[in-house]
Amino acid sequence: MFEVDLHLHTTYSDGTLDPAELVDLCVSRGLSVIAISDHDSTEGLPEALAAARSHPHLTVIPAIELSTDIPGAEIHILGYYVDYEDQALQKVLREFRQGREERGQRMVEKLNALGLNISWDRVREISDGGAIGRPHIAQALVEAGHVEFPKEAFDRYLGRNGPAYVGRNKLTPLDAINLLIGNGALPVMAHPTYSETKSDRSGVPTLRQTITDLKRGGLVGMEVFYGDYTPDQVSYLHGIATELDLVPCGGSDYHASGNPGEPQPGTVGPPMSTVEQLAKIKRSPAYRSASS
Ligand code: AMP
Ligand code: ZN
Ligand code: FE
Ligand code: FE
C-alpha cells in the first residue's frame, strides 16, 4: 500500500463515489496525500476539502484532468494545485462540459442506430450533473444488459476506433498547459502510454519526442506509477522522467467503475518525495512569475 495517490475521480465527472465517500475510502485505506482530479470540473473540490477537514492526517491537493488531442491520439493533462476560483478557467470548463453533452448525445444516437437501446435521459441521470463521459454511457449499456461491465462497452463500442465513438473539440496539449500555468496549476501528463502513436508512420512523433516538446512548453511532471502499469512500463517511463527532469507522478485513476480488477486507491502511487517536489515547484518564484 502507498501513502500517496494523485489521480482520483468523483461523481462530479465519471467516478461513482461522491467526494466525501472518496475521502472516507482513502482515509480507511491509509492514504495521507490524495489529489482529486475530475475531468473538466473542479466542482467536487470544495466538498472534498471540507470532508478532509475532519481528517487532520489527510492532505487533499486540488486538481483537474483536461483531455487534449494530438494527431492520432489523446493526451490527458493533470493540473495540480488548481485555483478553482479562477473565473476564466471556469468559463472554459463550462464550455468543455457542454461539448461533452453534445458529443454524448451523438454517441447515444449512434448506439441506437446500431440497435442498442439506451436513452440519453438515462445517461444524464447516471451522470447526476457531473461532466458527462463515456463511462456514463457504458453504465447505461450495462444496465440495459448489452454488456456485462463498462470495459466491455469500451472494447466493443465506445473505444477510439469503436463503431459508436464520437470525438469532440479539444485543446492541444500545449494550450492546456498554458491554461493551467495561467491558473497557477502545475501541468502533469497523465498515463503517457495511453498517448502512444504508431511512430513508424512518418511525421508522427514518438512518445519521447512528444513529452520533450511538452516539457519545453512548461510540463512539470508525468505519470510513472499508474493504474495497472507493469514494472517494465514503470521503469521505461521513469527513465524518460529522469532524463527530461520531470517529476515522476501517478496514482490509481480510481473511478469506482465496477470493472473487474480496477486498481483501488493506494494500490499504486508515487513516493512522498514527489509531493515535496510538486509543492516546491508550486512555491518557487519562477513558477509564480510564470503564472502571474
Ligand atoms: P471521455 O472523457 O468521455 O472520453 O471518457 C474517458 C474515460 O473513459 C477515461 O477517463 C476512463 O475513465 C474511461 N475509459 C477510457 N478508455 C477506457 C477503456 N478502454 N476501458 C474502460 N474505461 C475506459
Ligand atoms: Zn475518467
Ligand atoms: Fe485520463
Ligand atoms: Fe483520470
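The values are calculated or read from the model by the stated rules, or taken from the named source; none is laboratory data. Computed from a prediction, not measured in an experiment: that's the story for all the values here. Counting neighbours? That spans all protein chains shown, and the Cβs are built from the backbone with ideal geometry, glycine included. Calculation scope for accessible area: heavy atoms of the full protein, side chains included, ligands and nucleic acids excluded. Shrake-Rupley method; radii C 1.70, N 1.55, O 1.52, S 1.80 Å.
Among the residues of the range 173-196, those that are assigned to a loop (DSSP other than H, G, I, E, B) and either crowded, with 22+ Cβ neighbours inside 10 Å or touching a strand residue (DSSP E or B) at 6+ places or on another chain (Cβ under 6 Å) (or both) comprise 185, 190, 191. Among the residues of the range 201-211, is any more than 28 Å from residue 287 (Cβ to Cβ), at pLDDT below 95 and within 16 Å of ligand 1 (Cβ to nearest atom)? No: the range 201-211 contains no residue that is more than 28 Å from residue 287 (Cβ to Cβ), at pLDDT below 95 and within 16 Å of ligand 1 (Cβ to nearest atom). Residues that are touching a Gly at 6+ places or on another chain (Cβ under 9 Å), more than 29 Å from residue 126 (Cβ to Cβ), not in a helix (DSSP H, G or I) and not hydrophobic (A, V, I, L, M, F, W, C) do occur in the range 242-262, at least one of them.
When the range 117-141 is limited to residues that are more than 16 Å from ligand 3 (Cβ to nearest atom) and in a loop (DSSP other than H, G, I, E, B), the one that is farthest from residue 169 (Cα to Cα) turns out to be 117. In the condition set (1) at pLDDT below 95; (2) surrounded by 15 or more Cβ atoms within 10 Å (Cβ to Cβ), residue 292 is compliant with all but (2). Restricting attention to the range 45-71, the residues being of a type outside the set (Ser, Thr, Tyr) and within 19 Å of the chain's Cα centre (by Cα) number 14. Residues that are touching a strand residue (DSSP E or B) at 6+ places or on another chain (Cβ under 9 Å) and either among the basic types (Lys, Arg) or open to solvent by 10 Å² or more (accessible area, probe 1.4 Å) (or both) number at least 3 in the following strands (runs of 3 or more DSSP E) confined to the range 1-116: 59-70. Checking each residue in the range 263-280 for being crowded, with 16+ Cβ neighbours inside 10 Å and either in a strand (DSSP E or B) or touching a Phe, Trp or Tyr at 6+ places or on another chain (Cβ under 9 Å) (or both) picks out 263, 265, 266, 267, 268, 269, 270, 274, 278, 279. Among the residues of the range 217-263, those that are polar (S, T, N, Q), without any contact (Cβ under 8 Å) to a residue 60 or more places away in the chain and either under 24 Å from residue 135 (Cβ atoms) or within 14 Å of ligand 4 (Cβ to nearest atom) (or both) comprise 230, 233. Being loosely packed, with under 15 Cβ neighbours inside 10 Å, at pLDDT 95 or above and not aliphatic (A, V, I, L, M) is a property that residue 150 lacks.
Every test in (1) under 24 Å from residue 237 (Cα atoms); (2) within 16 Å of ligand 4 (Cβ to nearest atom) is passed by residue 138 save one, and that test is (1). Restricted to the range 228-255, and to residues there that are within 16 Å of ligand 2 (Cβ to nearest atom) and buried (at least 19 other Cβ atoms within 10 Å of the Cβ), the residue that is nearest to residue 213 (Cα to Cα) is 250.
No other residue among 128, 121 is of a type in the set (D, E, K, R) and touching a residue at least 40 places away in the same chain (Cβ under 8 Å) apart from 128.
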